[in-house]
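Reviewing the structure listed below.
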Amino acid sequence: TQYHWIDKSREEWFTENIQNDFRELMVQIWYPSDETPNIESNPYMDNLNVRIPEFSKQIGLPKFFINHITEIKTQSYHNIPISTNKTQFPVIVFSHGLGGMRVQNTAYVQELVSHGFIVIAMDHTYDANITIFPDASKHYYDSDLPEGLTDSTEVYQIRYKQLKTRRDDVSYVLNQLEKFNANPKNKFYKKLKLDKVGIFGHSFGGATSISSGFHDNRIGASLSLDGWFEILPHEILNNGLSIPFFHLGQEKWDEPLNYNNRDILLKNSNSINWKSTFLGSKHFDYMDLPLFTNKTRSFKLSGEINPIDFYNCLNEIQLTFFNFYIKNIGNFNPIEIAKKYPFMIIEKENIKTEASKFE
């Protein structure tokens, strides 16, 4: 199900010169159901004729390579009844990367939901490739840095503000869910377990999952898919996380500072955490994209790992991680998982060393 929400406590940072322009979000919630309805499942994306050109622009693939997204069906159905099998369902939030979208990891979201989680994702307005509202109005991607900006201090100040906006999106969504839980007329009345929420995200969404886990005490575990550590503020890096955290990523980024910051974060975290590397992977492997087109390799957007093997591995990690740390069931042993997949290496498992600090 989808919601259009306006946070009237926040004026829109991306349009700061416009008065009374409040932060607007499109939010999607996947939830378990007992029904298998005799209706068409959801398309992969809504408003496909508008979204495909923007998606194509952001990922750098020609439209004709991804037009067949229109033929992709999901295992999700719009607004069917929520399952009555449980009193409450644990909740996980997903955050997309720069130029991404709320549905970009649907294949992984559906796996989590099929195991009894409720998963929420939003288009981070102006960070998403396009955000389309119920009245057909649109907000396009507008998160690139100003042209010609070279002052690193200004660059990071902009990125810190963007990260705070995203983190506030997550907290606002959790606030709305608390209202749902308390409203007898809402389909999610008393259905949402919100005292310990999981969060995961890709790229900038990985940074968002870390920032949210640091600032919002409702977050109980955080997972980063090739996360963008470079734009984490010193406050977070110096203090680290106090909740379980798992990093999954490619071997290196073009900017060495990204993984330097990652290692500082892990050293300063007082919770259990893991650092894993996926040999031969690239940034877009951590999305659904390689699952529905093989052209990503030709354009060097994805690596050499078989997409289904990668999908199975990520699903096993994400499911067992959140089962263990959010549901408190099962076991989580990433070293044993890595033994099944030769492209996965656990480089660090909660090893405490002398922490680096920023001055």
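The values are calculated or read from the model by the stated rules, or taken from the named source; none is laboratory data. Here the structure is a predicted model, which means the values were calculated and not measured. All Cβ positions, glycine included, derive from the backbone under ideal geometry; neighbour counts span all protein chains shown. The protein model used for the area step is the full one, side chains on, heavy atoms only, and it has no ligands, DNA or RNA in it. Shrake-Rupley method; radii C 1.70, N 1.55, O 1.52, S 1.80 Å.
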Any pair with Cβ under 8 angstrom, 6 or more apart, that starts in region 260-281 at a residue that is among the basic types (Lys, Arg) and ends at one that is part of a helix (DSSP H, G or I) and surrounded by 20 or more Cβ atoms within 10 Å (Cβ to Cβ)
Arg262/Phe229; Lys275/Arg262; Lys275/Leu266
For region 109-137, give me the residue count where each residue is of a type in the set (Phe, Trp, Tyr) and either in contact with a helix residue (DSSP H, G or I) (Cβ under 9 Å, 6 or more places away or on another chain) or within 30 Å of Asn85 (Cα to Cα) (or both).
2
Checking Leu177 against (1) in contact (Cβ under 8 Å) with a residue 60 or more places away in the chain; (2) assigned to a helix (DSSP H, G or I); (3) surrounded by fewer than 18 Cβ atoms within 10 Å (Cβ to Cβ); (4) not charged (D, E, K, R), which single condition isn't satisfied?
(3)
Tell me which of these Phe94 doesn't satisfy, since it passes every other one: (1) farther than 25 Å from Arg166 by Cβ; (2) surrounded by 19 or more Cβ atoms within 10 Å (Cβ to Cβ); (3) among the hydrophobic types (A, V, I, L, M, F, W, C).
(1)
Per the filter on region 201-219, residues of a type in the set (S, T, N, Q) and assigned to a loop (DSSP other than H, G, I, E, B) are Ser203, Asn217
Restricting to region 144-171, name every residue that is surrounded by 19 or more Cβ atoms within 10 Å (Cβ to Cβ) and of a type outside the set (A, V, I, L, M).
Arg159, Gln162, Thr165, Arg166, Arg167, Asp168, Asp169
For region 183-238, which residues satisfy the criterion of being closer than 24 Å to Thr1 by Cβ and β-branched (Val, Ile, Thr)?
Val197, Ile199, Thr208, Ile219
Restricting to region 1-38, and then to whatever is hydroxyl-bearing (Ser, Thr, Tyr) and in contact with a Ser or Thr (Cβ under 9 Å, 6 or more places away or on another chain), can you tell me which residue is surrounded by the most Cβ atoms within 10 Å (Cβ to Cβ)?
Tyr31
Do we find that Ile82 is open to solvent by less than 40 Å² (accessible area, probe 1.4 Å), within 21 Å of Leu174 (Cα to Cα) and over 21 Å from the mean Cα position of the chain (by Cα) in this structure?
yes
Log entry, pairs with first residue in region 18-38 being farther than 17 Å from Asp127 by Cβ, second being open to solvent by less than 50 Å² (accessible area, probe 1.4 Å) and of a type in the set (S, T, N, Q), beta carbons closer than 7 Å, six or more apart or on different chains, reads Ile29/Thr1; Trp30/Ser76; Trp30/Gln110; Pro32/Ser83; Ser33/Ser83; Asp34/Ser83
Looking at the structure I just gave you, is Lys196 free of Cβ contacts under 8 Å to residues at least 12 places away in the same chain, over 17 Å from Gln104 (Cβ atoms) and surrounded by fewer than 23 Cβ atoms within 10 Å (Cβ to Cβ)?
no
Filtering strands (runs of 3 or more DSSP E) wholly in region 53-166 for at least 3 residues that are out of contact with any His (no Cβ under 9 Å at 6 or more places or on another chain) gives 89-95, 118-123, 138-140
